[in-house]
1. Apply the Karplus parameterisation 6.51 cos²θ - 1.76 cosθ + 1.60, with θ equal to phi minus 60°, to every residue of the stretch 142-149 and state each ³J(HN,Hα) to the nearest whole Hz, in sequence, with x for glycine and proline.
2. Mind checking which lysines have their C-alpha under 18 Å from residue 36, skipping anything on the same chain fewer than 8 residues away?
3. Quick check for you: with a 1.4 Å probe and neighbouring chains kept, what is the accessible area per residue of the stretch 236-334, in Å²?
4. Of the beta bridges DSSP finds with both residues in the chain, what % are antiparallel, to the nearest 5?
5. Full extension from residue 231 to residue 317: what is 0.36 nm times the residue separation minus their Cα-Cα distance, to one decimal in nm?
6. Name the residue, out of 95, 179, 238, whose mean-square fluctuation peaks in a Gaussian network model built on the chain with Cα pairs under 10 Å.
7. In a shell of Cβ-Cβ distance under 14 Å around residue 285, excluding residue 285 itself, what net charge do Lys and Arg (+1) and Asp and Glu (-1) give?
8. GluC sites (Glu not before Pro) within the stretch 223-309: which are DSSP loop residues with at most 10 other Cβ atoms inside 10 Å?
Amino acid sequence: MAVTMNDVARAAGVSLKTVSNVLNDYEFIRPATKQKVLDAIAALGYEANLTARSLRSGKTRMLGLVLSDLSAPYYAELASLLMKVASARGYRVLVEQSAATKENELAALQGQFRQLTDGLLFTPLELGPDDVAAAQGGKPLVLLGEHIADPRFDLVTMKNTEAAQAITSHLLSSGRRRVAVLGAAPGDTTGSSGLRMLGYRQALTAAGLEFDPDLAVLCQWRRDAGASAVRQLLDSGVQFDAVFGLNDTVALGALHELQMQGVKVPEEVAIAGFDDIDEARFASPSLTTVAPGMDEIAERSVGLLIDRIEGTGPEAEGLQLEAGFELRIRDSAP
C-alpha cells in the first residue's frame, strides 16, 4: 500500500499538520522537528502528491532547464551540477533539449513544460531578446550563455574572451608562434565562438603577431570535426606548432588525429582546449584547457532563479553575472 502523510506523522511522532508544513516549506518549524519528519519520509519512502501541492500553493518546486544538446559533454556536466545545486535548495529540475531550433525554444517558454515549473534556466541559441520577452510569461527566468545579453533578463555567463586570450597567451609563452584555432563559426561575433576568437586574436596582438586566416579553421564543435580540421591543416601544408580548440571536444579530436598522423604532442604541436570537461583530464596526454567556472555558474544561476521565485532576490532586475575561470595546465601544452 502507498505510504500516506498519516504514516509519516505517526513515524515522526508529530501531527499531520506538521508534516504538511514541512512538505510545504513552512519557515517557522524547529530544525529538530523538521529533521524528524524528513527522516521519516526517507525511511518510509513517502512521495508527496506534487500535483495536489502545486494546486494548493501555486508552486511545484520544479525548475526547468533548457539546453540545446545533452550529448555535448559540457552541457551534460553543467546539467548535473545544476541539479545538485537545485536539490540542495529543495528543488528538482526538469530538463528539455531544444536541438537549437526556434520552434523548440518557443515551446519551452510557452508550453506545458513551462507550466510544470516555477522558473526557467534557459540557453537560447535561435531566439532573439524580443522573442524571449514576448514569450516568457510572468515566471522568473535566468539565461545561461552569451547569445542574449539584454538588460531585461538575468544572465549568468563565463569570461569567454578573457579566458581564450589567457589560454592562447599560455601557448605563445612557451615559444609557439603558429597557433592554429579550430572551431570558428562564420559571421559569429557575440556567441561563444566569436568571443573566443576575439580573445585568440587579442593574444596574438599582445605578442606582436598578426592574425593569419590560414590558421583559423571553421568546424563544428565535435570530435570528428576537430579531427577533420587538423587533417585539413596537415594536408594543406600550412605550418603550425600549436592548436587551440575552441572547446575541448574539438581539441580532443585534433589530439587523436595528430597522434594517428605520427605528430608528437606536445614536442611538435602543443594543444589546448576550452571547458575542462571530465575527459580532458584522462586524455593521453592530458589536455591543457580552460576551466570556465562551471561550479560557479551552477551556484549563481540556480541561486538567483530560486531567490527570484521565492521573492528574496536582489531588487535590481536584469543582473549580468560572469563566472571566473582558471587555466588547467596539463601535458598537452605544459
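The values are calculated or read from the model by the stated rules, or taken from the named source; none is laboratory data. Keep in mind that this is a model prediction, so the values were computed, not measured. Here the Cβ positions follow ideal geometry from the backbone for every residue, glycine too, while neighbour counts run over all protein chains shown. Note: areas computed on protein heavy atoms with side chains; ligands, DNA, RNA excluded. Shrake-Rupley method; radii C 1.70, N 1.55, O 1.52, S 1.80 Å.
1. 10, 8, 10, x, 10, 5, 10, 10
2. Within reach: 17.
3. Computed with neighbouring chains in place, this is 41 Å² per residue.
4. So the antiparallel bridges amount to about 10 percent of the total.
5. Values: separation 86, 0.36 × 86 = 30.96 nm, distance 4.77 nm.
Full-extension gain reported as 26.2 nm.
6. 238
7. After counting each charged neighbour, the total is -1.
8. 267
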